[in-house]
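Just below is one structure, and these are the notes that go with it.
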Amino acid sequence: MAEGYANDPEWADITPIELNDGSDSGAMPLATIAYPSEYLEATSYLRAVMAANEMSERALNLTKDVISMNPAHYTVWIYRARILFALDKDLIEELNWLNGVSLKYLKNYQIWHHRQVLISSQTHFPSVPAKEPDFLMEMFAQDSKNYHVWTYRHWLVRHFKLWDSPRELEDVEALIKADVRNNSAWNHRYMLRFGPRDDVPDAGMVNAGNVDISPEEKGRLPVVDEDLVDAELKFAQEQIVRAPENRSPWWYARGALRAAGRGLGEWEGFVGKFVDGDMVKSSHAVEWLADVYAEAEKVKAVEMLTMLKEKYDPIRKNYWDYRIRQLGEVA
Amino acid sequence: MPPIIAGRHKRKVRFPAANLPPAIISTPTTAQQKHTGKKSPSDLKPGKSSKSKPITASGMASQEEPRPGIPALFTQPPPIRDPLVTETVQLQDATVNKCLTFLKGLHVSQQGTLNASGVPALQRDGHAVFLFESLEEEYPAGFVAMDASRPWMVYWALAGLTLLGEDPTRFRERVLETLRPMQNPTGGFGGGHGQISHLAGSYAAVLALALVGGEDAFALVDREAMWRWLGRLKQSDGGFSVTEGGEEDVRGAYCAATIISLLDLPLALPHDAKKAREAGFKTLTEGLAEYLSRCQSFEGGISGSPGVEAHGAYAFCALACLSILGPPEETIPRHMNIPLLLSWLSARQYAPEGGFSGRTNKLVDGCYSHWVGGCWPLLQSALDGKPQSSGAPPTTFGNLYSREGLDRYILGCCQSPSGGLRDKPGKSPDSYHTCYVLTGLSATQHHHYRTNTSITSSETFASAFSWQSTPVRADDNVYDKADRLVAFHPLFVIPHQAAANMRLWCERQPIAT
């Protein structure tokens, strides 16, 4: 195929549709690319077979050829998925090929949507493919915060109802162990523990997207498993002790308490250990105390916010000032 | 005027192919190393091309004294540092080390350009030349990945040039002829000729046409087909997929709302809006705000789709979409938990860098000057409440972020010595970053607010067309007067007048449903 489609008898019946870059009008087109000739030819044949809506082996091979030259070409991925289903191809084989492409092109939306389209097929994949978590961990070994891969993994959890699958939590814990600042892993953990499940529409927090429920109530679980919340809070504390200035576990803990409808006050003792006069080990602890004191000891709350503003997080001065003003209005 | 006479002939350009814009909102790109066989010199992965030096209060990588006029906040590491080093810390240290040289005004390229605040001047001509070239010269073969994003390349260059005070209308005919083959008879624009229509490409194409303006540009869009296509993209959960058969995300929501409002498309669902009709929706916008509400994460920020990690680019898309759908002081508090959102958004700004990161524990990147920076006028407008009946700017909570920090990051760290703007020191410039870093700079230079007067007489979207801006007072700016940029509309990311012209022309050509 590398020698060209024009000389290939298999393609003799196709009249390629040449690239129209607008130059026929006489105007000089903008933002043009010096396409390699193989790419120009392959995409000319792609336009032709797509116009005819051809579902064939040769069209499938053509899509692979175009992808090898430009995996960001979203059109060719969508066309490829349609052909795969139309010809009832072996999707396991497709996944194996896709794994290689994924590892080669780490920042690509299309690959992950394509994977989702394949695995969505209940006929082919009534349950999660056994090697799927291993492959995702291989991706995370390259980039542990890859947004596309995490988006896909979140979809996978929902699609196959994997919230309580031991493997999900194991992988999250391994990633947090390797880098306690992997916020993507913390987000995944939150969704496993506190996200909406089953028939409830997907959301970053429960109670969202319902106009009858105030956004203040977002994240608040209707039924709380206190043991689970306690275990998550304990986990967060262990991780905070490892690196107290890491925002991720602090905000995870806030999420857990919010889910349970419990206040920040119960952590006052733990948090206080990180704020000892001039020995402040965590700006997040100072902020936590400010929130605790905001309830009843506004002077102390202002003191905490002022510490953040003046010493521990001064780039956010205007925000801390806003918080101080909010306290004044409440008082 | 920049010293270039453009468009006479085509030359191969010398853009470094190692560093294309990240796929934040655009139809994506892939790693370019495959094409060049080279690794980017800025590859920060620990253990690979750069060894990060740990930063301690006593052991800075760059020990030299900063130039005068620069506060310690921007020359010192943060006051608290955890002993535990992980990959995140290594990457962060390497970034801070690189930035400090620039923030202190010590980089060789900054010599002679610093003002009294220790901030380098905006290299206006260099950036304009960079954008003219990105528009008019042929990209080398290594850029083939951009073949699915060509409307973006036109938009980024035109928008950046407009911010710099250049007149984009001289490109009108060429823009029209470039985009015309990308439009599909079934509605929308693809990333190039023969590619299926994509919401991101359609957004960029519509904005590029608005930038050059004129009846021919507005009439190029087949608005009725666009409306029908949008109906087919509308999903049963209220959101939009970006293509037929493609992924659904918050980009889709924002791009659709922009297209619907600028082109004055009918809100009623077209007949073939199958999924939306089955879900019981009557209009294109119904259920959209609720979908965005479900994208707020427990951290307070907003993710690309429900349940994923909060991300700066998607936060802008969601807040801008809500602010198109209705007045921000109504739509944002109705659908977002504001205290959580404020906290997360505010935490995106780092010191000493001064710039914004897109996610918790990720690095600053110049493009978030727009994606995160652009959230602030919208949120601040939501907090300020209803516009004044006098039409005057509101008594305001003011800026809740550090304009000075962002200006220092943009002018100090994001300007490439050879023209164009970039993610961070060590990265190559590209038109994506040039456009959005300049957009961010412009936003720091203007106070954006809404008035009671809208350019549209229709009630729908009245709020979206009621924004005005005034330049920020000069006395506390760290940049010079000569570095001021044109103001952009905070929702549509083009000049206010360009948005108004397109909307008003379309209102005079109603589409029969």
B:Ala253 vs. criteria under 28 Å from A:Pro201 (Cβ atoms), part of a helix (DSSP H, G or I) and in contact with a strand residue (DSSP E or B) (Cβ under 9 Å, 6 or more places away or on another chain): yes
When you go through (1) in contact with a Pro (Cβ under 8 Å, 6 or more places away or on another chain); (2) away from every other protein chain (no Cβ under 11 Å) one by one for A:Tyr109, which number turns out not to apply? (2)
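Let's see how each residue does on (1) among the hydroxyl-bearing types (Ser, Thr, Tyr); (2) more than 13 Å from chain A (Cβ to nearest Cβ):
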| residue | (1), (2) |
| --- | --- |
| B:Leu91 | no, no |
| B:Thr95 | yes, yes |
| B:Thr101 | yes, yes |
| B:Ser109 | yes, yes |
| B:Ala116 | no, yes |
| B:Gln123 | no, yes |
| B:Ala141 | no, no |
| B:Met146 | no, no |
Does A:Trp267 fit the bill of being more than 14 Å from every other protein chain (Cβ to nearest Cβ) and buried (at least 20 other Cβ atoms within 10 Å of the Cβ)? yes
How many residues of the stretch B:393-402 are without any contact (Cβ under 8 Å) to a residue 24 or more places away in the chain and away from chain A (no Cβ under 11 Å)? The answer is 1
Within the stretch B:326-333, does at least one residue satisfy the condition of being buried (at least 24 other Cβ atoms within 10 Å of the Cβ) and at pLDDT 95 or above? yes
Do we find that B:Gly300 is touching a residue at least 24 places away in the same chain (Cβ under 8 Å), within 13 Å of another protein chain (Cβ to nearest Cβ), on the phi > 0 side of the Ramachandran plot and surrounded by 23 or more Cβ atoms within 10 Å (Cβ to Cβ) in this structure? yes
Among the residues of the stretch B:194-214, is there at least one that is more than 12 Å from chain A (Cβ to nearest Cβ), surrounded by fewer than 21 Cβ atoms within 10 Å (Cβ to Cβ) and either in contact (Cβ under 8 Å) with a residue 60 or more places away in the chain or among the hydroxyl-bearing types (Ser, Thr, Tyr) (or both)? yes
Might you check whether a residue that is out of contact with any strand residue (DSSP E or B) (no Cβ under 9 Å at 6 or more places or on another chain) and more than 12 Å from chain B (Cβ to nearest Cβ) occurs anywhere in the stretch A:239-259? no
Sole miss for B:Glu248 among (1) more than 9 Å from every other protein chain (Cβ to nearest Cβ); (2) in contact with a Gly (Cβ under 9 Å, 6 or more places away or on another chain); (3) within 26 Å of B:Asn501 (Cβ to Cβ) is condition (3)
For residues that are assigned to a loop (DSSP other than H, G, I, E, B) and within 14 Å of another protein chain (Cβ to nearest Cβ), scanning just the stretch A:149-170, find the one that is surrounded by the fewest Cβ atoms within 10 Å (Cβ to Cβ). A:Lys161
B:Pro66, sole failed condition from (1) crowded, with 18+ Cβ neighbours inside 10 Å; (2) at positive phi: (2)
Here are B:Leu421, B:Leu411, B:Leu438: which of them is on the phi < 0 side of the Ramachandran plot, touching a residue at least 12 places away in the same chain (Cβ under 8 Å), more than 14 Å from chain A (Cβ to nearest Cβ) and in contact with a Cys (Cβ under 6 Å, 6 or more places away or on another chain)? B:Leu421
Given (1) hydrophobic (A, V, I, L, M, F, W, C); (2) in contact with a strand residue (DSSP E or B) (Cβ under 6 Å, 6 or more places away or on another chain); (3) surrounded by 23 or more Cβ atoms within 10 Å (Cβ to Cβ); (4) in a loop (DSSP other than H, G, I, E, B), B:Ile494 misses just (2)
Can you confirm whether the stretch B:232-243 contains a residue that is surrounded by 24 or more Cβ atoms within 10 Å (Cβ to Cβ), closer than 20 Å to A:Trp155 by Cβ, more than 22 Å from the chain's Cα centre (by Cα) and at the interface with chain A (Cβ under 8 Å from one of its Cβ atoms)? no
Top-ranked residue in the stretch A:290-310 [being touching a residue at least 24 places away in the same chain (Cβ under 8 Å) and not in a helix (DSSP H, G or I); ranked as surrounded by the fewest Cβ atoms within 10 Å (Cβ to Cβ)]: A:Glu295
Out of all the residues in the stretch B:124-156, which are hydroxyl-bearing (Ser, Thr, Tyr) and either within 26 Å of B:Arg484 (Cβ to Cβ) or in contact with a strand residue (DSSP E or B) (Cβ under 8 Å, 6 or more places away or on another chain) (or both)? B:Ser134, B:Tyr139, B:Tyr155
Limited to the stretch B:175-193, what total is found for residues that are surrounded by 24 or more Cβ atoms within 10 Å (Cβ to Cβ) and either facing chain A (nearest Cβ under 9 Å) or within 23 Å of B:Glu137 (Cα to Cα) (or both)? 8
Could you tell me whether B:Ala256 is crowded, with 24+ Cβ neighbours inside 10 Å and within 26 Å of B:Thr513 (Cα to Cα)? yes
Quick check: anything in the stretch A:139-148 in contact (Cβ under 8 Å) with a residue 24 or more places away in the chain and more than 14 Å from chain B (Cβ to nearest Cβ)? no
For the stretch B:250-268, indicate whether the set of residues that are in contact with a helix residue (DSSP H, G or I) (Cβ under 9 Å, 6 or more places away or on another chain), among the acidic types (Asp, Glu) and free of Cβ contacts under 8 Å to residues at least 60 places away in the same chain is non-empty. no
Is it the case that B:Ile70 is under 27 Å from A:Met307 (Cα atoms) and more than 12 Å from chain A (Cβ to nearest Cβ)? yes
Being part of a loop (DSSP other than H, G, I, E, B) and surrounded by 22 or more Cβ atoms within 10 Å (Cβ to Cβ) is the filter here, so list the residues in the stretch B:274-284 that pass it. B:Leu284
Take B:Gln468 and decide whether it is in a strand (DSSP E or B) and either surrounded by fewer than 17 Cβ atoms within 10 Å (Cβ to Cβ) or in contact with a Lys or Arg (Cβ under 8 Å, 6 or more places away or on another chain) (or both). yes
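For every residue, the table says whether it meets (1) more than 13 Å from chain A (Cβ to nearest Cβ); (2) over 25 Å from B:Val85 (Cα atoms); (3) not aromatic (Phe, Trp, Tyr).
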| site | (1), (2), (3) |
| --- | --- |
| B:Leu340 | no, yes, yes |
| B:Ala347 | no, no, yes |
| B:Gly355 | no, no, yes |
| B:Pro377 | yes, yes, yes |
| B:Ser381 | yes, yes, yes |
| B:Ser390 | yes, yes, yes |
Output the number of the condition that B:Leu211 fails; it satisfies all remaining conditions of (1) farther than 29 Å from A:Met50 by Cβ; (2) part of a loop (DSSP other than H, G, I, E, B). (2)
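The values are calculated or read from the model by the stated rules, or taken from the named source; none is laboratory data. Just so it is clear, the structure is predicted and the values come from calculations on it, not from any experiment. No Cβ is skipped: glycine too gets one built from the backbone with ideal geometry, and neighbour counts run over all protein chains shown.
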